[in-house]
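Every number in this text was worked out from the coordinates using simple rules, so none of it is lab data. Since the model is a prediction, treat every value here as computed from it, not as a measurement. Cβ coordinates were reconstructed from backbone atoms using ideal geometry, including for glycine residues, and neighbour counts include every protein chain displayed.
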Amino acid sequence: QVQFVESGGGLVQPGGSLRLSCAASGNTASIYAMGWYRQAPGKQRELVADITNGVTTKYADSVKGRFTISRDNAKNTVYLQMNSLKSEDTAIYYCNIRTTRGNYWGQGTQVTVVS
């Protein structure tokens, strides 16, 4: 079993920055991928970025060049640095952790970009 705590959402103006964090605990040795998804009102949940085996990253086209995902293996924490935020980035952001025993979702953190 893996538990984790998400943090870092909030309200920001267009062009601003936020950093999301997702700290895992428990059976962290079974984790092979960590990432972030988001869901805007009336839309399906979509991948924002993920990192596999601590090395391989994948990004949605809409965030490439603006968002950076990273993982601190010592802290079992994944970060999503979000720069140059746009109104269309407004959504609930969910941490996703994939382990050899299952796929886990966080409860989500709200990111609102508004002028």
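Results, tabulated for the structure shown:
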| item | result |
| --- | --- |
| FRET efficiency for LEU11 and ASN53, using Cβ-Cβ distance with R0 set to 35 Å, rounded to 0.05 | 0.55 |
| Packing rank of 77-90, 16-29, 48-61, where each peptide gets the mean count of other beta carbons within 10 Å, highest leading | 77-90, 16-29, 48-61 |
| The chain, dipole about Cα centre (Lys/Arg Cβ +1, Asp/Glu Cβ -1), debye to the nearest 20 | 120 debye |
| Cα convex hull of the chain, projected area averaged across orientations, nm² | 6.6 nm² |
| Ratio Rg/Rh, restricted to the stretch 18-74 and using Cα atoms, in which Rh is the Kirkwood radius | 0.99 |
| Förster-model FRET efficiency, 30 Å R0, GLN1 and SER70, C-beta, rounded to 0.05 | 0.75 |
